[in-house]
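The values are calculated or read from the model by the stated rules, or taken from the named source; none is laboratory data. It should be emphasised that the depicted structure is a prediction, and the values quoted were computed from it without experimental measurement. No Cβ is skipped: glycine too gets one built from the backbone with ideal geometry, and neighbour counts run over all protein chains shown. When the accessible area is computed, the model is the full protein with side chains, heavy atoms only, and any ligands, DNA or RNA have been set aside. Shrake-Rupley method; radii C 1.70, N 1.55, O 1.52, S 1.80 Å.
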Amino acid sequence: MAKINHCVLILFLLLSNYSKGQEILPDQKKDLDSILNTATEAFLSYEYQETIKNCGLLINKGTHLKADYYRFVGYDLLGNVYYTTKDSIKARVNLEKGLQIALEIKSDSLIAWSYTNLGSIYSENDKTVTKAIDYFEKSININQRLKNQSQVYLTYINLAWSYLDLNRLEDAFKVLKKANTISESAKISEVNKGFIKFLFGRYYYLKKDLKKAKKYCDEVSEIVDKEDYNDLGKNVYELLINLNLESKNYKEAYTSLEKANFHEEKIAAQEKLEAVEIASAKYNSEVYQKDLEIALKEKKLLDKLIDKSNQIKTIFIIVTIVLLLTLVGFFLLYKSRREYANILKVKNTELLHAKEKAERLTRIKNNFFSTVSHELRTPLYGVIGITSILQEDKELEAHSQNLNSLKFSADYLLALINDVLLLNKMDADALSLEETPFKLNNLIKNITKTFGFTLEQNNNLLSVDIDKNVPNNLIGDSVRLSQILINLIGNAIKFNENGNIWLNIEHVKLTGKGKHRIKFIIRDDGIGIPKEKQATIFDEFIQVENENYSYKGTGLGLPIVKRLLGLYGSKINLISKFGQGSEFSFVIDLTKNENHIDSVSTKGIDDDVLHKNQNNNIHILVVDDNKINQKVTQKILEKHNYISSTANNGEEAIDKIKDSNYSLVLMDINMPKMNGIEATAIIRQFNKDVPIIALTAVELEEMRIKIFNSGMNDIIPKPYDVSQFLSTILRNLNKKPTLN
């Protein structure tokens, strides 16, 4: 990938040219320049939070005063902050905003600048290198027209590097020759000339012309040995290691390794300074993972050197025996082995420390996601619950559209949170399929009910056709199947207006293992997907772009579908033609439930069944430390004629259950003083009959075993829908006599 990131300093040298056309007062310009200087100094001092704050001021004031070049600089500097902190998505978003401003004001210099920066971002990903090359070429064309040879030269470095990454050697060679011509006529710094020589060396290395490659690399090494050019030094000495190894110059290879390590340590020291600010905003192990990768790389190289060294030693021993120098030979061999053993011991120790750091950071990340899961879902429970109650209030029918929009927004936010948490669990290999009974028609009914608002909003019609040969009572992971169907149907609705969506469920065959192979087909007559985009839409954060439509979303739906189907040992199939719609399909094997037992989650239960089971003599204790959650739960119970009382924590719940008879207990898990699991364990010591249902906003996979081991009977995840909530209560009430 291209390694030169020269964006910030050169940009500020050019600002005087960009600002000439701005119609702002001197005092206003002085204020904007002050903010820009503060942001620049903060960036160069690695104070990224201060940089982001001042960039925001620069953008806001630049917008208010219509000072477009200051708006451009604000977005461009923000892009560089996020690029430096390894957040390529935010970096790309801000740089593209800067490009849009440059295009609007028709500033060729700023447009070329944006193309170069965006090319640097896209060159970091193997899948987008081609797009990076396109940006670099656009920048070069503009700067050649502007006769800005120094900028052309720097962009040639990135372009040649990208060509070499793609193994397009002849294209790279043409670019390098053009850059060489510029260096003869323009004032180019020694380090940038060094990068071109390094790329010539890399070109000849890939062409297997080791002699020419070493000539260029030796010239570059003379430059970096004189000056402190660590990036260039690291790259050239890493290339020299390979050159010397292939030429069997092992001593020079080891010397190159030491020099590469020297520059690597200098770079690492600089990165450690940057990492202090980065770590406050990011909970991941990227820095430590890099250390781990470096240690592994060094260990692999040392192993290779040791293997080569052992061959040399064997030859040396034979020669010394022939020359009757056995004693000297064994002494040198022993000494050499001790040195390599000591080096290996040190590297193994470093590798162990890096591994321990990575594991500790992973635990911190997992704890963070678990906490975020609970803290985000708990208030969402209140929002969704209260909205659902208000939707049923006939006095608020005039506000039904607003309430529907509020409920949709809350559901969308919940789905987004679930997607991010689900991807995190997949990355940690912490997700597996469960085998529980469920009814297919109830599952499909609940899914179609979920899309009622968006179908109406986009004026779409959803049709469902289930093959009569498909069993209704099945055993499998209904939650993961729902997530797959919801993502595929949701995409079909989102990318379609005034159209149709079809869900067909077909029976394929009965397998040799007695399972039913079932095919799910989701088809629409929407905008379709261009053929060139079909290979990338299953990548994370990728969406189909269409200039006539504006679609919002994270681009996580299809990657989640692909990875969930991987758990089933299946894959997603796509047939699409641009402008004529799309068809997604997949095949999974499910077991028929011969016992016809309903699922643990009985979503979709009919309202008349719920009313038949209501009883004014049923008294339910709601244990929750959150007053809003208590109110929502009690309102739902009250609406369905249940009597309810509340307790604010586990200790209070124990006292109330000792003093009164309750038909059922709804127990929150996370509470102060005593949590729900601890309270349930104590209750089971004196009352083994009362049904206790866990209310939890954390990931079920993390808590399921602990919940059931404590003596609880069932689980209701928060935020829940009313149908699932009441169904779970009814199922547990029917297992014991009603208490009066």
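Sub-8 Å Cβ pairs linking a first residue in region 27-39 that is over 10 Å from Cys55 (Cα atoms) and of a type in the set (Phe, Trp, Tyr) to a second residue that is loosely packed, with under 15 Cβ neighbours inside 10 Å and at pLDDT below 90, at least 6 apart or interchain, number zero.
Residue count for region 506-534 under the criterion of being open to solvent by 10 Å² or more (accessible area, probe 1.4 Å) and of a type in the set (A, V, I, L, M, F, W, C): the result is 5. Could you tell me whether Ile677 is within 21 Å of Gln634 (Cβ to Cβ) and either more than 42 Å from the chain's Cα centre (by Cα) or of a type in the set (A, V, I, L, M, F, W, C) (or both)? Here the answer is no, as Ile677 does not meet what is asked. Filtering region 461-485 to residues that are open to solvent by 20 Å² or more (accessible area, probe 1.4 Å) and outside any loop (DSSP other than H, G, I, E, B) leaves Leu461, Leu462, Ser463, Val464, Asp465, Ile466, Asn473, Ile475, Val479, Ser482, Gln483.
Residues considered: Gly194, Gly233, Gly201. Of these, the only one that is small (Gly, Ala, Ser), over 30 Å from Thr85 (Cβ atoms) and open to solvent by less than 80 Å² (accessible area, probe 1.4 Å) is Gly201. Given the structure, is Leu503 open to solvent by less than 20 Å² (accessible area, probe 1.4 Å) and either modelled with pLDDT under 85 or over 32 Å from the mean Cα position of the chain (by Cα) (or both)? No. Just one of the listed residues (Leu44, Leu25, Leu103) is under 22 Å from Ile121 (Cβ atoms), out of contact with any Asp or Glu (no Cβ under 9 Å at 6 or more places or on another chain) and at pLDDT below 90, namely Leu44.
Inside region 486-500, can you point out the residues that are buried (at least 17 other Cβ atoms within 10 Å of the Cβ) and charged (D, E, K, R)?
Result: Lys494, single match.
In region 70-94, of all residues being among the charged types (D, E, K, R) and within 18 Å of the chain's Cα centre (by Cα), the one that is most open to solvent (accessible area, probe 1.4 Å) corresponds to Lys86.
Can you tell me which of Ser114, Ser150 is open to solvent by less than 10 Å² (accessible area, probe 1.4 Å) and at pLDDT below 90? Steps first, please.
Working: Ser150 fails: open to solvent by less than 10 Å² (accessible area, probe 1.4 Å).
Only one candidate passes the filter, namely Ser114.
When you check Glu219 against the structure, is it in a loop (DSSP other than H, G, I, E, B) and surrounded by 14 or more Cβ atoms within 10 Å (Cβ to Cβ), yes or no?
no
Among the conditions (1) surrounded by fewer than 16 Cβ atoms within 10 Å (Cβ to Cβ); (2) closer than 30 Å to Ala694 by Cβ; (3) out of contact with any strand residue (DSSP E or B) (no Cβ under 8 Å at 6 or more places or on another chain); (4) at pLDDT below 80, the only one that Leu556 does not satisfy is (1). Within region 41-55, being open to solvent by 20 Å² or more (accessible area, probe 1.4 Å) and assigned to a helix (DSSP H, G or I) holds for Glu41, Phe43, Leu44, Gln49, Glu50, Ile52, Lys53.
Checking the condition assigned to a helix (DSSP H, G or I), among the small types (Gly, Ala, Ser) and at pLDDT 75 or above, which residue from Ala269, Ala253 passes? The unique qualifying residue is Ala253.
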